[in-house]
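Take a look at the structure set out below.
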Amino acid sequence: MASEAVAGRRSAGHRLADLFHGRERLQVGALLAGPVGWLVIGYLGSLALLLVAAFWSVDPLSGSTIKEFTFENFESLVNEPVYRDIVWRTVRTALLVTLTDAVIAFPIAFYMAKLASRRGKALLVIGILLPLWSSYLVKVYAWRTLLSANGAINWALDPIGLSGPGYGQTAVWLVMSYLWLPYMILPIYAGLERIPNSLISASEDLGASPFTTFRRVILPLGFPAVVAGSIFTFSLTLGDYITPRLVSNDQFIGNVIFSNVANNQPFAAALAIVPIVVTIAYLLVARRLGAFEHV
Amino acid sequence: MLLRAAVVAGLAFIYVPLVVIVIYAFNSSKILEWPPPGFTTHWFSQAFENEAAREAFFTSLKAGVAASAIALVLGTLASLAVARHRFFGRETISFLVILPIALPGIVTGVAISNTFTQVLDVPLSLFTVVVGHATFCIVIVYNNAVARLRRLSGSFEEASADLGAHTWQTFRYVTFPGMRSALIAGGLLAFALSFDEIIVTNFTIGAGEQTLPIWIYSNLFRPHELPIVNAVAVLVILISIIPVYLAHRLGAEEGGATGGRGAGGGVETEATAVP
Amino acid sequence: MRRRDGNPARTAWLVVAGLVVFMLALAGCGGGSDDTTGAGGSSSEALQKLGKGEGEVSLISWAGYVEPDWSKPFEQKTGCKVNNKEAGTSDEMVELMKTGQYDGVSASGNATARLVAAGLVAPVNTDLVPNYETVFSDLKDQPYNTFEDVNYGIPHGRGANLLMWNGNDVKPAPNSWEVTLDPKVAAKYKGKISQYDDPMSIAEAAVYLKTHQPDLGIENPYELNQEQFDAAVGLLEEQKPLVGEYWSEAAKQISAFAGGDVAVGTTWQYQYFALEEEGVPVQASPASQGFLPKEGATGWSDTWMIAKDAKHPNCMYEWMNWIIEPKVNAEVAEWFGEAPAQELSCKETENKNFCAEYHAEEPDFWKRVYYWETPLADCGNGEENCMDYNDWVKAWTTIKG
């Protein structure tokens, strides 16, 4: 290292580094060129090319695009009630799943962060991570079989006279809550871990009951982590079309996009704008609530 | 205690369907009756012999390695810029990297597929799949790297510069070793994500190839093949204990806990979920 | 929370604004190269001479059309490795063909016209397909495989959609579509009805209405004016609360029937055979196979088409010839449960009565089967006010809700 400088000769790498030295802008530019180029030109550019088709229409027979500016796709979206129903159904499920997962995840994450032994913590983390490696498709299909008329859930509930939810909206909510739960547990765990134990002790010393400590110390400090986890439960539910297809007859936004992508891409593009706008809005709200901050 | 009961209930919720998958993998009935009439390991031997499944497995491995590699490079570059410098638009970078994962997979998949086939005239193949996967894997590496960089004081790098090291040397001898375990953990998680991805892959893959999720999806509804699918899934879970354990150990070394994400798109870092 | 340099929100909005401007500019300009190849049926040329096989062929097919029993011998004989992608609906097939990654597709009538109009397929030179000569004559030069007097494909086989029911759950044995389409009769099986998840179901409703509401004047269930269309759609909307599952993949329906989630619905012979084999007590309309409910039925007559600019055209022609090889087409027909396209196959079937049971040699039978077609605005009788395929797709989305 230092020997090069001592020897007085400068290698090519050294000379290149000199070029960057002190020139902050150049350094940043060089660092960002790759990722930003890839994401902005490659990814956002592709998105723009797709979404521009939302302003075009399609010839019904050949399926080729008529590249003339028109609002007809958006008019259909707004005027026909079925699309509003589908969008609302999707958003509503996304919110429900997020709420459900937050409620289930918080106790588990709290236990992992504050109460588990070192060994218990490690086991729990591995235990939460492992199901992520089992195939998404296999998990959904397992639920499909569980929920079917002759499946395990009905078989288990039959002796006590109940029956399972079968396929439908309840099934979709149940399966999605199941699928994304680990993505909620881990951020909350990470967030809660960073709360110094001294704060909790201080709260107790000041005479707060465990519930009050939870409500006024732990929850506010852990909330940004909950929001961070919710980004995934929300966006993953919003965009999924495979689960609704496998455990229900109901259409989500993704299903309608999927069924139009082949023969009416302009309309599919117009449809696609909806979840994009919703997701970006959610991300902005999440940022406002602190999800993007490191403490 | 109430809390302990909640934890147990939650874990039960997570694991019961997995146990069902394992039971079905040994189910001797072809139409997967419940309760299973008998048990057999027949499906596992069939899984090993199934040529399409093996090929799909290796294709997924190849795609995962390539996508993770690209994501590692791009994610590290971006994280260095964001964590160590101030510039116009810095906050937007975090927003930008998360978009490919947050937006619906079908949108990402169709957009990339269209750009390749219609604008660039590039046929769909494993290459296009890797491009798609790398795009949404960047954020995972990025988050882990940024989190680590923020905990590593910049003063080490200043000291290194004061001692006469130039930019590469500082990176190579000071920054990188500090980041290494976070990058490995991020890379492993990115690999897991790519390995299980189905939606974007569906739109970007060529005719003659299959990744493992594509193979699973095409066999999910064939009554004769479904039990093999369950066996394959169980095998994947078993094999994956190794990388999960590795990722955890590497994260734990630095005193934090690693988050994980297998399918679809989640992001965990040792410090927090999103930068 | 420290404030960072630069106003982040402003940056974000600048980027978004820039992209929106870029997009609108693209939309406004409109010109430039067309994404899809222009329409024009006969502008592409058929292969003139068969050359050496290219070593592989990529196909899109319906479930059960490309099975190892006849694809493996094909590979051995011609050296063309078969890559097969199964699709559940015609829409999927058209979408896959648009990617340009496949050499051929087994297209039904609601895809063929679209593929030709979109310039995705090339005419077929039937001189290069020796087995074509002995294909049933009422399958040749049909409106779904011949466009402007140019042949675009090789017939695969044909069949009628069946009404299938679980013998234990549905009594008495139905012989009419009313059991799934008449709201009063179907209500008995609420939550147990299985309906095909595709706009073609509108044609099923139209076939039903042709018999039960003759004053609507429905002639061709794919050429419906607004009034007829609304009636068919209305019927399906009334059906929706009674449907247990809309199936889009054959095997999905099999698992639903086997799991007891559905008990009656439209199906193909393929699923019927599979369920019988699993020991599920299914029956099809009525007891014997190949019969029709009294209103008639929708059906299909499928055609193998070759992609324009296919990467492996010689192997594709070999495949098209192979699939109507007498022994092969017999195997194919018996495996799936449809009438073969190849006349000589009737002597090769294992079941000596197969062709009789499936009415393969009875053109009159097929007059009650309404093969899938692409709905067009052109009503065929001089009028232009029929509903086109986009209308059907939109209506289907609304029906499913």
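The values are calculated or read from the model by the stated rules, or taken from the named source; none is laboratory data. Everything quoted here is computed from the prediction, not taken from an experiment. Cβ: placed from backbone, ideal geometry, glycine included. Neighbour counts: every protein chain shown.
Examine region A:199-214 for a residue that is among the acidic types (D, E) and either in a loop (DSSP other than H, G, I, E, B) or not assigned by TED's automatic domain parsing to the domain that holds A:Y178 (or both), and state whether such a residue exists. Looking through region A:199-214, none of the residues is among the acidic types (D, E) and either in a loop (DSSP other than H, G, I, E, B) or not assigned by TED's automatic domain parsing to the domain that holds A:Y178 (or both).
Which ranges mark the helices (runs of 4 or more DSSP H) fully within region B:34-152 that have 3 or more residues being more than 11 Å from chain A (Cβ to nearest Cβ) and touching a helix residue (DSSP H, G or I) at 6+ places or on another chain (Cβ under 6 Å)?
The qualifying helices (runs of 4 or more DSSP H) are B:42-49, B:51-84, B:126-151.
Yes/no matrix, rows are residues, columns are (1) of a type outside the set (A, V, I, L, M, F, W, C); (2) buried (at least 19 other Cβ atoms within 10 Å of the Cβ); (3) over 25 Å from B:L61 (Cβ atoms); (4) at the interface with chain B (Cβ under 10 Å from one of its Cβ atoms):
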residue: A:A122; (1), (2), (3), (4): no, no, yes, yes
residue: A:I128; (1), (2), (3), (4): no, yes, no, yes
residue: A:P131; (1), (2), (3), (4): yes, yes, no, yes
residue: A:S134; (1), (2), (3), (4): yes, yes, no, yes
residue: A:G164; (1), (2), (3), (4): yes, yes, yes, no
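Evaluating B:A66 against the criteria (1) out of contact with any Leu (no Cβ under 9 Å at 6 or more places or on another chain); (2) at pLDDT 95 or above leaves one unmet condition, (1). The lone criterion from (1) outside any helix (DSSP H, G or I); (2) under 30 Å from A:A149 (Cβ atoms) left unmet by A:L181 is number (1).
Checked against the criterion of being modelled with pLDDT of 90 or more and closer than 22 Å to B:P104 by Cα, region A:111-132 has no qualifying residue.
Considering region A:150-162, and only residues there that are surrounded by fewer than 20 Cβ atoms within 10 Å (Cβ to Cβ) and assigned to a loop (DSSP other than H, G, I, E, B), the residue that is nearest to the other protein chains (Cβ to nearest Cβ) turns out to be A:N150. Those helices (runs of 4 or more DSSP H) of region A:220-295 in which 3 or more residues are within 20 Å of the chain's Cα centre (by Cα) and of a type in the set (G, A, S) occupy A:265-288.
For (1) more than 14 Å from B:A111 (Cα to Cα); (2) at pLDDT 95 or above; (3) surrounded by fewer than 24 Cβ atoms within 10 Å (Cβ to Cβ); (4) more than 10 Å from chain B (Cβ to nearest Cβ), each residue gets a yes or a no:
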position	(1), (2), (3), (4)
A:L221	yes, no, yes, yes
A:A228	yes, no, no, no
A:F232	yes, no, no, no
A:D240	yes, no, no, no
A:D250	yes, no, yes, yes
A:N255	yes, no, yes, no
A:S259	yes, no, no, yes
A:A268	no, no, no, no
A:A272	no, no, no, no
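Hey, could you check region A:57-66 for residues that are farther than 17 Å from B:T115 by Cα and of a type outside the set (V, I, T) and say which is farthest from the other protein chains (Cβ to nearest Cβ)?
Out of the qualifying residues, it is A:S57.
Assess whether A:T170 counts as being touching a helix residue (DSSP H, G or I) at 6+ places or on another chain (Cβ under 8 Å), assigned to a helix (DSSP H, G or I) and surrounded by fewer than 20 Cβ atoms within 10 Å (Cβ to Cβ). In short, no.
Contact map, region A:106-129: first residue without any contact (Cβ under 8 Å) to a residue 40 or more places away in the chain and of a type in the set (K, R), second residue buried (at least 17 other Cβ atoms within 10 Å of the Cβ) and in a helix (DSSP H, G or I), Cβ cut-off under 7 Å, separation 6 or more or different chains; pairs are A:K121/A:M112.
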